[in-house]
Each structure stands twice: as structure tokens, then as C-alpha cells.
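Trainee: Sharing a structure with you now.
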Amino acid sequence: MTSALQTARYQYQPKLPPVFGGGLNIRAKSGEAVQTLCIADRDMLKALFKHTYGKPTVTFEPGEYNAALAKPLVVGVILSGGQAPGGHNVIAGLFDGLHKGNAASRLIGFKGGPSGLINGKYVEITGALVDEYRNTGGFDMIGSGRTKIETDEQFAASLETAARLGLDAVVIIGGDDSNTNAALLAEYFIEKGSSIQVIGCPKTIDGDLKNEYIEASFGFDTACKTYSELIGNIERDANSAKKYWHFIKLMGRSASHITLECALQTHPNICLISEEVAAKQMTLDEVAGQIAEAVARRAENGENFGIALIPEGLVEFIPEMKKLIAELNDIMAAHEGEFSGLRSFDGQQAFLERYLSRESNIVFASIPEEIAKQLLLDRDPHGNVQVSRIETEKLIIGVLEKRLAKMKAQGLYKGNFSTLGHFFGYEGRCAFPSNFDADYCYSLGYTAFMLIASGLTGYISSVRNISGPASAWTAGGVPLTMMMNMEQRHGEQRPVIKKALVELDGAPFKEFASHRAEWAVKTSFIYPGSIQYYGPPEVCDQPAITLKLEAS
């Protein structure tokens, strides 16, 4: 059984960059640079990627009939990492491109992420299978996973599987880590004498995989619109009931792009941007003070309600919390056996007092016990605290309650402070993709086919000019090494695609900053409503506000 909307979405035909409207009369044009450069650590990366470093950028342009595009191909595809709206359309675009080139081409879907390639678990993706998932959310066509291909055995097994299946190429759909993995796999295949190509596609709802050539990662648009609908609904409820302050935590551990975009879409009273907190070295008390001032001023106007947006990763950007978390990670790693044997929180706290610095002991003792316990939960595979499990919104509420109580005792606050906390994360990861994401993802998949047919490897699919209508979009590819630097991981320097953080001198943040003082006091809420799929382009096809501001 399917819903009426799902049935209707199957029929939606995504828009493509106009260059792909010319059938197979397309050529790949290399960029002007003879050799491209990575963003940092050039000597180290050039040595690591002897075969794939320095390749030129590529754009697709109208040309004469290109026989290479008509060659039958066998391609594998992997969904890697967390879900993001539009993943199925990347696969659909890749499938349609392959079959437009040659009806005999085949697409193999590796099940459960990169582990499917390592272990040889796959499914043949047919036209009937693709048609069941067009323009729908989720990654359930083939599933996803977070396995990294990093050991010699895993690389060898990947090559063995790909060769056994007769693959011409592998497409990895993922974020910065997954596409770093794609670059390493492309280099490995060449090093081992294999002609199997590797192409990446940029995915992450966090929005932190972007740069000059990757203007947006897919899924960001849909997730932000989904969260903004929910925020708008809560704003309307708050403005109706006029009795609650809602503290809403939003996804985004390393960057605050989602929080910033949702603020621009909904005009909350408070929006914290982690990158600004870090740049200003704001303490937890200073963050609370900023919010308390707005709460008090709104109370003076008889408005004991409001909306505050908080990025998921905020705690790691507040200096004293960052220091505390780093110390806890080190202590729990160094004394794993002893610490894991402690059953009570009192016993854990007494143990930590012996190892934490004086400053961190004070911070640990000052935060609500519930939050302190969350800081001690099992670490992720990298040995880091699982930030998504820390109820940052409750931490902020707890600190605020203490501060406002003190202000009330001093006669500086005369309002009522009733709160509700929320976390919007999974609600946006598998939503029906917006028209923008449906079009963009389909174009990324189709472009991946073009890169493969053009004989390229170690590239990421790139669709540009996406702040405008699809009729103005351009398609091409970017060498994955261009986006890399070296970072310390597990005690050694490793190649990594650099995450894009919110730029405090960028147009989106400046737009937000120019209004936040007014929004803090004056109720200026905007209610975006649900994502619209049918109707005029100005309603249905608009990209994210941040994307338009960055292009202006």
C-alpha cells in the first residue's frame, strides 16, 4: 500500500541541467588549471595520492555525438553514512543515465553501505526496483552503513568484489568521510593496476560538505524545510498559549548550518551559532546571560514565551565544556577497565575527581546531574562523546533557571519561566525530498554517470549555479583531492575532506545578525508551513535561504 502523495511522487520527473537535454551530444571540458591543488598540506597529499592528485576540474558542454557515452557499463553504488532526503534520486539519476547511454548497462546496489562492497552483498537494481523509490525519502532501497574501508584487508576485499562482478566503476554517495574514502579507494584501485573507477556524490543534511564547487550537499534543503515547518508550528502554538519558552535542539555536530537556515526561515527569538560561541570564547554563563536578557526583556512586555534554537554540537564549542569533554574522553580511554566497573554515578564522580583538572571539576559539579551522566555514556567508535545523546537544550534550560532565579531575587526579572525542550533530528533525515532536492539529487546521479562514461576516477559529482532555476544549472566534476587537508585522527595525520563551518563574515550569518536583536524582543515569527510539491515555482522549487544569500 502507498499513500496518495507517494504514488503521485513516483510520477514526478526531476529537472536536469540543460546540457543533458542533448542526448549523447556532450563533451567533457577540462578546467583551465593544468594541475589543481588541495586546500592545505600539499606535499603530504601529493605523496599519498600519487595517481589522482592534481587532476583538472571538468564541466560538461554541448558537443558532437560522444560514442564513449554509449558504451555498456556495469556500475556499483553505495549509500554511506546517515540518511539524507534524496538518496534514492541519486540512484535513479545514475540508473537513467546509464540506460540512456546503453540499455545493456547494469547497476549493482551494495547492501548496508561500504560493508556490502567489502563482503560482496548486493542486489541488481532494475527499472522496476528504481520505480518503487523515485522521489521518495530514506535509504531503504539498499540500506546504508558507517563502515569505513581503511584496512589493507578491506581494500583488498573491495577490489576483489568489484573485479569479480566485472564493475567498471563504483559510486559512493556520502559525506566528507565517505568521499575521503572514495578518494582513497580510487587511488588504491589504480595502485593495484585496476581500471575500476570511483566517483563520489556529496551527501549530508548537516550542510558541512560544501565549497566553491560543491554549493550544497543534498538533503540539507529538505531537512531544514522539515524542521522549519515544525519550528513554525511550535512558534504558532507559543504565540497562542503565551506561556512557554521552547528550547529546540537541531542536528549539526560540527557546524551550525541547519540552525542558521532554520532561523532565517522562522525568525526565532534566540538562535545560538556554535561557530560564533567559539570565536568569541563565550562561557556557558555568558551564553545563558545572552538568553536571560531576552527572556527578561520579553517579560517586561508581558510575553513570557519564546523560541530558542540550539545546534546539536554547541557543548563542544563552549570553551570550558570542550575542555571538560576532552579530559573525560582521555580519562575514560586511559582507565577504561576501571571506569567501566563503576556502577553508581557517585562512584564515577569520585573517580573522576582524582583525574580532572581543577577547572573541569568545578564545571562538572556545576552542571545538572542528568547532563553530567550523559557526558559519561559510552563513547563512539572514535572515542568521542556521543553529542546527539547530550540534551544540550536541557543543559541551557538548567543554567538559565538558576540565573533567572538570581535575577528575580535582585528585582531584575519579574516574569514566569516555563520551558519545554525538543530535539529535531531523525524527523528530517528521511522526509520526502523537496523538489529542489529531488532535482538536485537526480542531477548528481546523472552527472556521476557522465563522469564514469568520460573515463574519470577520484572525482565528486558537481552541479553548480543551483541557487537559480534548473535551467541555469551546470554539471561537472571536481577532483576529491582538491577539498582535502591533513588532520590528526587516532594519533596520526590522515587525509580528510575539510568540513565547511558557518562563516561569520558570510552573507547568511550577517543577514541573521542584522535582525536578531529585533527578533529577541519583538515576536517576529514566520510560519513556513509544510513542503509544497505542486504549484508555482516560487512556492515549490525555491532553494535554501542560505544558498541564495551565498550566491548574491
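Trainee: Taking the conditions exactly as written (assigned to a loop (DSSP other than H, G, I, E, B) and surrounded by fewer than 20 Cβ atoms within 10 Å (Cβ to Cβ)), does LEU377 satisfy them or not?
Mentor: Working: assigned to a loop (DSSP other than H, G, I, E, B): yes; surrounded by fewer than 20 Cβ atoms within 10 Å (Cβ to Cβ): yes.
Taking the combined requirement at face value, the residue satisfies it.
Trainee: To continue, here is another question. Within 25 Å of GLY82 (Cα to Cα) and of a type in the set (A, V, I, L, M), is that true of ALA470? Please lay out each step first, then the result.
Mentor: Values: within 25 Å of GLY82 (Cα to Cα): no; of a type in the set (A, V, I, L, M): yes.
The answer is no for ALA470.
Trainee: Quick one: which of GLU312, GLU303, GLU235, GLU286 is in contact with a Lys or Arg (Cβ under 9 Å, 6 or more places away or on another chain) and closer than 15 Å to THR419 by Cα? So that I can check it myself, show each step before the final result.
Mentor: Numbers: GLU312 fails: closer than 15 Å to THR419 by Cα; GLU235 fails: in contact with a Lys or Arg (Cβ under 9 Å, 6 or more places away or on another chain); GLU286 fails: closer than 15 Å to THR419 by Cα.
Criteria check complete, one pass: GLU303.
Trainee: If you don't mind, there's one more thing I want to ask. So ALA40 ticks every box in (1) under 19 Å from ILE460 (Cβ atoms); (2) part of a helix (DSSP H, G or I) but one. Which box is left unticked?
Mentor: Result: ALA40 passes all but (2).
Trainee: Within segment 191-201, does at least one residue satisfy the condition of being outside the structural domain of VAL463 (by TED's automatic domain parsing), in a helix (DSSP H, G or I) and touching a residue at least 24 places away in the same chain (Cβ under 8 Å)? Before you say what the answer is, go through the steps one by one.
Mentor: Start the filter on segment 191-201 by keeping residues that are outside the structural domain of VAL463 (by TED's automatic domain parsing), which leaves none.
So far as segment 191-201 goes, no, none of its residues is outside the structural domain of VAL463 (by TED's automatic domain parsing), in a helix (DSSP H, G or I) and touching a residue at least 24 places away in the same chain (Cβ under 8 Å).
Trainee: Could you tell me which numbered condition THR457 fails, if it satisfies all but one of (1) outside any loop (DSSP other than H, G, I, E, B); (2) more than 23 Å from the chain's Cα centre (by Cα); (3) buried (at least 23 other Cβ atoms within 10 Å of the Cβ)?
Mentor: Only one criterion in (1) outside any loop (DSSP other than H, G, I, E, B); (2) more than 23 Å from the chain's Cα centre (by Cα); (3) buried (at least 23 other Cβ atoms within 10 Å of the Cβ) is unmet by THR457, namely (1).
Trainee: Looking at segment 324-335, is at least one residue modelled with pLDDT of 95 or more, part of a helix (DSSP H, G or I) and either crowded, with 20+ Cβ neighbours inside 10 Å or in contact with a strand residue (DSSP E or B) (Cβ under 8 Å, 6 or more places away or on another chain) (or both)? Show your work before the answer.
Mentor: As a first pass, look at segment 324-335 and keep what is modelled with pLDDT of 95 or more: none.
So far as segment 324-335 goes, no, none of its residues is modelled with pLDDT of 95 or more, part of a helix (DSSP H, G or I) and either crowded, with 20+ Cβ neighbours inside 10 Å or in contact with a strand residue (DSSP E or B) (Cβ under 8 Å, 6 or more places away or on another chain) (or both).
Trainee: Now a separate question. Looking at ALA33, ALA92, ALA40, which one is within 24 Å of the chain's Cα centre (by Cα) and at pLDDT below 95?
Mentor: On the way: ALA33 fails: within 24 Å of the chain's Cα centre (by Cα); ALA92 fails: at pLDDT below 95.
Selected residue: ALA40, the only one of ALA33, ALA92, ALA40 that is within 24 Å of the chain's Cα centre (by Cα) and at pLDDT below 95.
Trainee: In segment 43-53, is there at least one residue being surrounded by fewer than 13 Cβ atoms within 10 Å (Cβ to Cβ), farther than 20 Å from GLU212 by Cβ and aliphatic (A, V, I, L, M)?
Mentor: Of segment 43-53, the ones surrounded by fewer than 13 Cβ atoms within 10 Å (Cβ to Cβ) are 43, 47, 50.
In the following step, the residues that additionally are farther than 20 Å from GLU212 by Cβ were identified as 43, 47, 50.
Among the residues that remain, those that are also aliphatic (A, V, I, L, M) are: 47.
Looking through segment 43-53, at least one residue is surrounded by fewer than 13 Cβ atoms within 10 Å (Cβ to Cβ), farther than 20 Å from GLU212 by Cβ and aliphatic (A, V, I, L, M).
Trainee: Let me ask you something else. Mind checking whether some residue in segment 498-512 is outside any loop (DSSP other than H, G, I, E, B), in contact with a strand residue (DSSP E or B) (Cβ under 6 Å, 6 or more places away or on another chain), surrounded by 16 or more Cβ atoms within 10 Å (Cβ to Cβ) and not assigned by TED's automatic domain parsing to the domain that holds GLY306? I'd like the intermediate steps shown before the answer.
Mentor: First pass over segment 498-512, keeping only residues outside any loop (DSSP other than H, G, I, E, B): 507-512.
Then keep just the ones that are in contact with a strand residue (DSSP E or B) (Cβ under 6 Å, 6 or more places away or on another chain); that gives none.
Within segment 498-512 (the criterion being outside any loop (DSSP other than H, G, I, E, B), in contact with a strand residue (DSSP E or B) (Cβ under 6 Å, 6 or more places away or on another chain), surrounded by 16 or more Cβ atoms within 10 Å (Cβ to Cβ) and not assigned by TED's automatic domain parsing to the domain that holds GLY306), the answer is no, since none of the residues qualifies.
Trainee: Continuing with this model, one more query. So which residues in segment 468-484 are among the polar types (S, T, N, Q) and crowded, with 21+ Cβ neighbours inside 10 Å, if there are any at all?
Mentor: Applying the first criterion (among the polar types (S, T, N, Q)) to segment 468-484 yields 471, 474, 481.
THR481 - this is the single residue of segment 468-484 that is among the polar types (S, T, N, Q) and crowded, with 21+ Cβ neighbours inside 10 Å.
Trainee: Could you please give the count of residues in segment 104-121 that are in a strand (DSSP E or B) and touching a helix residue (DSSP H, G or I) at 6+ places or on another chain (Cβ under 6 Å)?
Mentor: Looking only at that region, the number is 2.
For (1) assigned by TED's automatic domain parsing to the domain that holds ASN135; (2) buried (at least 24 other Cβ atoms within 10 Å of the Cβ); (3) part of a loop (DSSP other than H, G, I, E, B), each residue gets a yes or a no:
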| site | (1), (2), (3) |
| --- | --- |
| LEU209 | yes, yes, yes |
| GLU212 | yes, no, yes |
| ASP237 | no, no, no |
| ALA263 | no, yes, no |
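Trainee: Would a scan of segment 265-288 turn up a residue that is over 18 Å from the mean Cα position of the chain (by Cα), crowded, with 21+ Cβ neighbours inside 10 Å and on the phi > 0 side of the Ramachandran plot?
Mentor: Yes: one or more hits.
Trainee: Still on this structure: Is it fair to say PHE449 is surrounded by 15 or more Cβ atoms within 10 Å (Cβ to Cβ), of a type outside the set (Asp, Glu) and not in a helix (DSSP H, G or I)? Don't jump to the end; show me each part of the working.
Mentor: Details: surrounded by 15 or more Cβ atoms within 10 Å (Cβ to Cβ): yes; of a type outside the set (Asp, Glu): yes; not in a helix (DSSP H, G or I): no.
No: the conditions fail for PHE449.
Trainee: Could you please find all residues in segment 285-326 being more than 19 Å from THR259 (Cβ to Cβ) and either acidic (Asp, Glu) or without any contact (Cβ under 8 Å) to a residue 60 or more places away in the chain (or both)?
Mentor: ASP285, GLU293, GLU300, GLY302, GLU303, PRO319, GLU320, LYS323, LEU324, ALA326
Trainee: Continuing with the same structure: If the requirement is being surrounded by 24 or more Cβ atoms within 10 Å (Cβ to Cβ), among the small types (Gly, Ala, Ser) and in contact with a Ser or Thr (Cβ under 7 Å, 6 or more places away or on another chain), which of these qualifies: ALA182, ALA186, ALA162? Lay out the reasoning, then the answer.
Mentor: Details: ALA182 fails: in contact with a Ser or Thr (Cβ under 7 Å, 6 or more places away or on another chain); ALA162 fails: in contact with a Ser or Thr (Cβ under 7 Å, 6 or more places away or on another chain).
On inspection, the qualifying residue turns out to be ALA186.
Trainee: Among the residues of segment 59-100, write down those that are assigned to a loop (DSSP other than H, G, I, E, B) and either closer than 30 Å to GLY137 by Cβ or not assigned by TED's automatic domain parsing to the domain that holds ASN179 (or both). Before you say what the answer is, go through the steps one by one.
Mentor: To start, the set of residues in segment 59-100 that are assigned to a loop (DSSP other than H, G, I, E, B) comprises 63-66, 71-73, 81-86.
The answer is LEU73, GLY81, GLY82, GLN83, ALA84, PRO85, GLY86.
The values are calculated or read from the model by the stated rules, or taken from the named source; none is laboratory data. Predicted, not measured: the structure shown is a model, and the values here were computed from it. With ideal geometry, Cβ positions are generated from the backbone for all residues, glycine too; neighbour counts draw on all protein chains shown.
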